[in-house]
Amino acid sequence: MAYYKSLLYFFIFFSIFNFDTILTEGIGHVPAVIVFGDSLVDVGNNNYLKLSIMKSNFPPYGVDYPNWKATGRYSNGKNAADFFSEHLGLATAPPYLSIILAPNKVKVLLEQGGINFASGGAKILNETNKLFKQSISLNEQIAYFRTVHAELMQELGTVQAQTYLEKSVFLIVIGSNDILEKFLGVHLILRKTPVDNQFINSLIVILKSKLKTIYDLGARKFAVVGLGLVGCCPKLRSGSLTGECNEKANYWAVKFNKDVKSLLQELKEELTDIHYSLINTYDIMVDFVQQPAHYGFSEIKSACCGGGKLQIPCLPITLHCKNRRDHIFWDLYHPTEAAAKIIMNEFFLGTEKYVYPANLKQLLEM
């Protein structure tokens with residue numbers, strides 16, 4: 001009897017000890033997704049910036065999200081961060097600012113399969129936020145992660161925490177705003193630094209430094225999303241009388257993407273224990289525009305919300321299209337749920353046409 005009682009206690013202890021890990025492990029034994037980036041993967045952080053106008057926590061945002069809820073995602077429904085986690089068999093990582101005051105942030109991280117630091121409006125360059133806080137800069141996102149990292153080390157111990165981080169996937173989606181702002185209205189008058197090779201090089205140098213910092217904090221698997229068809233977003237199309245793409249913006253997006261590819265190759269040579277996957281979002285979106293029917297789209301220029309000839313922002317007072325599935329763009333800058341889903345599907349299972357040097361599924365096996 002004593003033997004069976006001891007055995008029972010052992011199994012109870014074992015179950016409690018491994019409970020969080022069992023709950024959060026997804027495909028390939030990935031315990032967490034840790035997200036850095038901008039509005040393409042913000043799942044609600046900007047909701048907590050009291051004075052920011054860069055928010056999407058109001059209808060018709062979220063019209064296709066479960067329970068028709070506007071969550072702070074810049075989408076009619078789910079965004080890339082949601083689909084990314086789904087592919088890994090995990091729940092969407094919660095926004096960091098929703099748990100910043102939690103007494104045990106590490107417990108939330110372990111139970112909910114990661115954490116999301118992304119913020120609408122974030123750039124590689126430091127945001128000045130001179131008047132009031134508009135977004136969470138990439139610098140600040142990493143500072144927040146540094147805090148979580150310290151708590152994780154304290155909670156799990158150095159060895160277990162490092163193992164946890166090595167198995168996790170770090171999703172990086174940043175750079176669009178750095179280029180976009182150079183082609184938007186008032187910035188054409190106020191900007192001091194033009195978009196040229198020197199500007200792109202400065203972004204790459206800073207990005208490399210940031211990725212190294214994240215590496216120093218335990219990251220070993222990076223999933224990096226390249227810039228999309230920046231010059232063809234409805235806002236930049238509206239600068240043309242005929243609704244054509246801004247080819248200069250597209251040119252620099254391509255240049256940035258090529259340099260990011262080289263940057264990751266260099267990092268792999270310097271830090272041999274990292275693995276990464278880079279998705280060529282630009283080429284996928286070119287295919288969207290050139291072969292829309294193949295992907296189920298019929299409207300490639302106009303935004304679903306606030307679209308039409310005026311191309312106005314998506315607000316509670318603006319109209320939105322009834323069939324969101326046939327649009328590439330939901331608002332002036334962001335893809336529809338349908339477009340984001342296709343892009344993330346390619347990230348997970350795509351060929352070398354779109355992903356380099358391996359797709360996400362292959363990355364999980366490394």
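Each value in this text was obtained by applying a stated rule to the coordinates, not by laboratory testing. All values derive from a computational prediction rather than experimental measurement. Cβ sites come from the backbone with ideal geometry, for glycine too, and all protein chains shown count toward neighbours.
Side notes on the structure shown:
- Among 159-166, 249-256, sorting by the average number of other beta carbon atoms lying within 10 angstrom of each residue, highest first, gives 249-256, 159-166.
- At R0 = 56 Å, FRET efficiency that the Cβ-Cβ distance of Thr242 and Ala150 yields, to 0.05: 0.55
- Its Cα centre serving as origin, the chain has a Cβ charge dipole (Lys and Arg +1, Asp and Glu -1) of approximately 800 debye.
- Taking a straight line from the alpha carbon of Lys322, these lysines sit under 29 Å away, with near neighbours fewer than eight places off in the same chain left out: Lys55, Lys69, Lys78, Lys235, Lys301, Lys309, Lys341.
- Unpaired by the 4.7 Å Cβ criterion, cysteines found in the chain: Cys233
- Distance between the modelled labels on Val159 and Glu365, one decimal in nanometres: 3.0 nm (7 Å Cα→Cβ projection).
- Here, the chain has an Rg and a Dmax of 21.0, 85 Å when only alpha carbons are counted.
- Candidate cross-link partners of Lys221 among the aspartates and glutamates, defined by an alpha-carbon separation under 14 Å and a same-chain spacing of 8 or more, comprise Glu166, Asp273, Glu365.
- Based on Cα contacts under 8 Å between residues 6+ apart, the chain shows a relative contact order of 17 percent.
- Amide H contacts of Phe329: Cys304, Thr336, each under 5 Å away and 5 or more positions distant or on a separate chain (H built 1.01 Å from N in the peptide plane; Pro and chain starts excluded).
- Cα long-axis angle, helix 281-290 against the chain (0 to 90 degrees, to the nearest 10): 50 degrees
- Sorting the segments 199-208, 220-229 by their mean number of nearby beta carbons within 10 angstrom, highest to lowest, gives 220-229, 199-208.
- Burial order of peptide ranges 259-266, 170-177, 241-248 (average beta-carbon count within 10 Å, highest first): 170-177, 259-266, 241-248
- The DSSP beta bridges internal to the chain are antiparallel in roughly 20% of cases.
- Dipole orientation for the chain: of the candidates Ser75, Leu263, Gln154, Ser75 has the Cα lying most toward the positive pole (charges on Cβ; Lys, Arg +1; Asp, Glu -1).
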